[in-house]
Amino acid sequence: MSSPTTPKIAVIGSGPSGCYLAQSLLRAVPSCEITVLDRLASPFGLVRYGVATDHQHTKAITRQFDRLFQHEAVRFAGGIEVGRDVSLAQLRELFDAVVIATGLTADRELGIPGAELPGVIGAGAITRALNAHPDEGARLPQLGSDVVVIGGGNVALDVLRFLVKDRDAYEGSDIADELLDSYLEAPAARVTLVSRSAAADFKGDPQMLKELAALPRAAYASPDPVDPGPDAQLDRAAAGRVAAISEMIAASRPRFDGPEVTLRFGLTPLRVLGEHRVEGVEFTAGDQVVVVPATAVVTAIGFAARKDHALAALTASGAETGRIEPGLYRTGWAKRGPRGAIPENRACAKEVADEIAADLADGSLPASPSTLGFEGLPAEVRDRAIGYEQWLRLDEHERSVAPSGRVRHKLPDHDRMIAIARGA
Ligand SMILES: Cc1cc2nc3c(=O)[nH]c(=O)nc-3n(C[C@H](O)[C@H](O)[C@H](O)COP(=O)(O)OP(=O)(O)OC[C@H]3O[C@@H](n4cnc5c(N)ncnc54)[C@H](O)[C@@H]3O)c2cc1C
């Protein structure tokens with residue numbers, strides 16, 4: 001039950017960092033009342049809209065977050081965008097503390113000549129589209145026959161897996177089938193995955209490489225050295241990567257009639273070639289220049305704040321503390337920059353929850369009797385906010401209309417999501 005001295009805390013963003021933060025706050029400040037706002041009607045951020053649709057075991061973390069939203073002191077307020085429906089200043093007046101947990105959604109720019117040509121596509125746009133994110137309008141950008149993927153991290157591997165996988169391999173996923181089908185009507189014939197690092201220093205998870213190696217479709221090759229030799233000092237992960245890549249490109253591996261995948265290591269992109277649209281990419285490899293023809297270039301080189309995001313100026317990359325000032329904090333990718341898997345946001349959230357608890361305890365953040373929290377928001381905002389029970393209705397709907405072999409059918413139309421959540 002709320003009392004005048006109950007600290008009221010607003011968390012902007014219901015991705016893993018916002019959810020972990022709310023969990024940690026319940027422990028660090030047991031008397032608090034938390035409102036988790038999200039611009040979308042659905043919670044969970046990139047767990048729903050980034051994590052690959054065929055990695056449902058990773059998406060299962062939402063069960064833990066479901067328990068969070070069932071807690072009486074936690075409220076979900078979906079469909080409310082801070083900076084559009086309510087301002088940060090308003091939230092700061094109504095809540096004792098506000099925490100920015102908005103993640104970073106813009107694909108980092110390639111920053112080389114030609115990068116603005118049509119056909120240069122951010123990996124985030126593709127992974128969002130396959131996850132039916134309402135911002136992508138249920139469309140997959142045209143990729144064509146020769147796709148170059150630039151980047152060597154897990155997101156690049158998610159994109160590669162999509163490019164080489166056939167329909168049957170999506171059993172149990174929540175992929176946007178219309179987009180999958182449109183891609184498989186004319187799938188890429190050749191894919192080149194280009195990493196700046198050597199194979200051993202490639203950032204991708206060895207497990208993800210093993211998963212690719214086990215897929216019965218693509219044919220893999222690499223003209224670059226993969227194994228640095230017996231004298232190289234490789235840690236376990238690097239040794240795992242080298243082993244998995246060596247297995248993928250082994251001459252003994254059965255050949256399949258899917259896309260021909262070339263893995264390139266130690267190449268730095270120099271410029272994107274093309275007059276009206278992408279035609280290729282020029283890379284440097286030591287003192288050599290390598291040109292790879294391309295109908296599309298997918299950049300998987302990290303994420304950044306969207307320039308038009310209302311809170312962009314308050315996000316940081318690698319900030320040491322979550323505290324911007326007493327009463328205003330940030331956590332997750334909005335604090336640390338676009339690095340780290342879901343579990344890393346948990347430790348980050350705990351630290352920030354402890355900072356808030358410390359500020360409340362030492363008096364630098366007095367819980368004010370005049371803060372009203374969610375109840376103080378304008379009536380039209382409160383009425384519009386999608387509550388957790390309404391999300392459960394939408395969740396149930398998505399599961400109930402899932403086609404055979406899919407765990408859910410996500411609606412790409414946000415207005416429709418809201419209508420269903422409201423029971424319309
Ligand atoms: C393509 C991709 C695949 C990934 N795959 C994996 C994986 O398989 N395994 C793994 O462990 N990690 C994976 N990650 C990393 C993981 O998703 C991140 O570590 C994590 O999501 C970061 O959490 P966050 O809460 O900081 O941001 P996000 O998950 O981005 O959540 C931010 C939330 O804030 C909301 N929001 C933004 N702006 C506003 C606003 N103005 N008002 C209200 N709400 C707002 C958004 O709608 C969103 O719900 C992946 C990341 C990407 C990009």
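Here are a few things to note about the model shown:
- Note on the stretch 30-48: among residues that are more than 10 Å from the ligand (Cβ to nearest atom) and open to solvent by 30 Å² or more (accessible area, probe 1.4 Å), the one that is nearest to Ala310 (Cα to Cα) is Glu33.
- Within the stretch 49-60, the residues that satisfy the criterion of being more than 8 Å from the chain's Cα centre (by Cα) and near the ligand (Cβ under 8 Å from one of its atoms) are Ala52, His55, Thr58.
- Of all residues making up the stretch 75-105, the number that are small (Gly, Ala, Ser), within 14 Å of the ligand (Cβ to nearest atom), open to solvent by less than 20 Å² (accessible area, probe 1.4 Å) and not in a loop (DSSP other than H, G, I, E, B): 2
- Among the residues making up the stretch 116-168, a single one is within 22 Å of Arg48 (Cβ to Cβ) and hydroxyl-bearing (Ser, Thr, Tyr): Thr127.
- Of note, Ala123 satisfies the criterion of being farther than 26 Å from Leu392 by Cβ and within 11 Å of the ligand (Cβ to nearest atom).
- Positions within the stretch 120-155 being part of a loop (DSSP other than H, G, I, E, B), surrounded by fewer than 21 Cβ atoms within 10 Å (Cβ to Cβ) and not hydroxyl-bearing (Ser, Thr, Tyr), in sequence order: Gly137, Ala138, Arg139, Leu140, Pro141, Gln142, Gly144, Gly153
- Restricting the stretch 314-373 to residues that are among the charged types (D, E, K, R) and in contact with a strand residue (DSSP E or B) (Cβ under 6 Å, 6 or more places away or on another chain), the residue that is nearest to the ligand (Cβ to nearest atom): Arg330
- Among (1) part of a helix (DSSP H, G or I); (2) touching a strand residue (DSSP E or B) at 6+ places or on another chain (Cβ under 6 Å), the one test that Arg271 misses: (1)
- Any hit, the stretch 246-253, residues being in contact (Cβ under 8 Å) with a residue 40 or more places away in the chain and either under 29 Å from the mean Cα position of the chain (by Cα) or exposed (fewer than 12 other Cβ atoms within 10 Å of the Cβ) (or both): no
- Of all residues in the stretch 61-74, one or more are in a strand (DSSP E or B) and of a type outside the set (Phe, Trp, Tyr).
The values are calculated or read from the model by the stated rules, or taken from the named source; none is laboratory data. Just so it is clear, the model here is predicted, and its values are computed rather than measured. Heads up, the Cβs are rebuilt from the backbone with ideal geometry, glycines too, and the neighbour counts pull from every protein chain shown. For the accessible areas, the whole protein counts, side chains as well, though only heavy atoms, and no ligand, DNA or RNA atoms are used. Shrake-Rupley method; radii C 1.70, N 1.55, O 1.52, S 1.80 Å.
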